[in-house]
1. Please go through the stretch 187-220 and give me each residue that is within 14 Å of the ligand (Cβ to nearest atom), more than 19 Å from residue 71 (Cβ to Cβ) and not charged (D, E, K, R), ordered by number.
2. Does the stretch 78-92 hold any residues that are open to solvent by less than 10 Å² (accessible area, probe 1.4 Å) and over 11 Å from residue 45 (Cβ atoms), and which are they?
3. Can you name the residue in the stretch 15-32 that is open to solvent by 10 Å² or more (accessible area, probe 1.4 Å) and within 13 Å of the ligand (Cβ to nearest atom) and is also farthest from residue 226 (Cα to Cα) among such residues?
4. Could you say whether any residue in the stretch 157-166 is closer than 19 Å to residue 47 by Cβ and of a type in the set (Phe, Trp, Tyr)?
5. Scanning the stretch 100-113 for residues that are part of a loop (DSSP other than H, G, I, E, B) and either closer than 18 Å to residue 151 by Cα or within 9 Å of the ligand (Cβ to nearest atom) (or both), which turns out modelled with the lowest pLDDT?
6. When only residues in the stretch 50-64 that are open to solvent by less than 60 Å² (accessible area, probe 1.4 Å) and of a type in the set (A, V, I, L, M, F, W, C) count, which is farthest from residue 222 (Cα to Cα)?
7. Are any residues in the stretch 216-238 open to solvent by 60 Å² or more (accessible area, probe 1.4 Å) and either touching a His at 6+ places or on another chain (Cβ under 6 Å) or closer than 12 Å to residue 202 by Cβ (or both), and if so, which ones?
8. Determine, yes or no, whether residue 47 is modelled with pLDDT of 95 or more, more than 21 Å from residue 242 (Cα to Cα), open to solvent by less than 10 Å² (accessible area, probe 1.4 Å) and part of a strand (DSSP E or B).
Amino acid sequence: MQANGKLRLGVNIDHVATVRNARGSAYPDPLRAALLAEAAGADGITAHLREDRRHIRDADIEALMAGLTAPLNFEMAATAEMQAIALRLRPHAVCLVPEKREERTTEGGLDVAADQNRLTAFVAPLREAGIRVSMFIGHEPRQIEASARIGAAVVELHTGHYCDLHQEGRLAERDAELRALAEGAALAQSLGLEVHAGHGLTYDTVGPVAAFPQVMELNIGHFLIAEALFVGLGPAIAEMRRIMDLSRVA
Ligand code: PXP
């Protein structure tokens, strides 16, 4: 997946569907956004089929699988229903996320350590189907070690807390969180895991995470879709890409 060390950008298009669903209309179309994102330099597309289908719907996933050239990263909860969909559609990657109906977004990482036996059995058929399995987790060593034990290929480190601390101006805590993320990225790589990161990233917060040498992919959604309202999706992605690449070099 990572040939030349270039940091990949996965664009999450969930909130195109959020806008569509707000009016029960057929537009804006998530597939159209995904194709635009591809053309603007996204290396992959991410979509989260939530249990309550609040944004992305089953038909969107089918349309993305049929219409995309870029790899689809299918975010889902570790449920039998979602596993069956993934095994039928065989996306490039599956990212397992915790899901609570009442949350506004994915608030914490998956507790892999507490659910190792079930997750080992859950991941095995996905791997056998050739799907890269990623665990969306916090930076705690026990979650990273458990992800390696259960047979995941990838961990996606949750950057939401770091971004919240930045937004709240709690800069010493933000920097401590960033250090913990850096240590987590190093540990994950030492265990043979590919390292991704994402959640809450903006132009202001992406740089330090893009600079972690172990991080191969960032998944970014809400900010890009919000920014697209003002400048268009292509320019928003191009600017994110520019900052990522600059930070990587630096
Ligand atoms: N990565 C994962 C696993 C997520 O669940 C999300 C949110 O759906 C993102 C990345 C993207 O987060 P944001 O929309 O805040 O950029």
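1. If the condition is that a residue be within 14 Å of the ligand (Cβ to nearest atom), more than 19 Å from residue 71 (Cβ to Cβ) and not charged (D, E, K, R), then 199, 200, 201, 202, 203, 205, 206, 209, 210 are the ones that fit.
2. 82, 86
3. That would be 18.
4. Within the stretch 157-166, none of the residues are closer than 19 Å to residue 47 by Cβ and of a type in the set (Phe, Trp, Tyr).
5. Out of the qualifying residues, it is 106.
6. So, considering only residues that are open to solvent by less than 60 Å² (accessible area, probe 1.4 Å) and of a type in the set (A, V, I, L, M, F, W, C), the one farthest from residue 222 (Cα to Cα) is 63.
7. 222
8. yes
The values are calculated or read from the model by the stated rules, or taken from the named source; none is laboratory data. As the structure is a prediction and not an experimental result, all values here were calculated from the model. Note that we place each Cβ from the backbone using ideal geometry, even for glycine, and neighbour counts take in every protein chain shown. Protein only, heavy atoms only, side chains kept; ligands, DNA and RNA dropped before computing areas. Shrake-Rupley method; radii C 1.70, N 1.55, O 1.52, S 1.80 Å.
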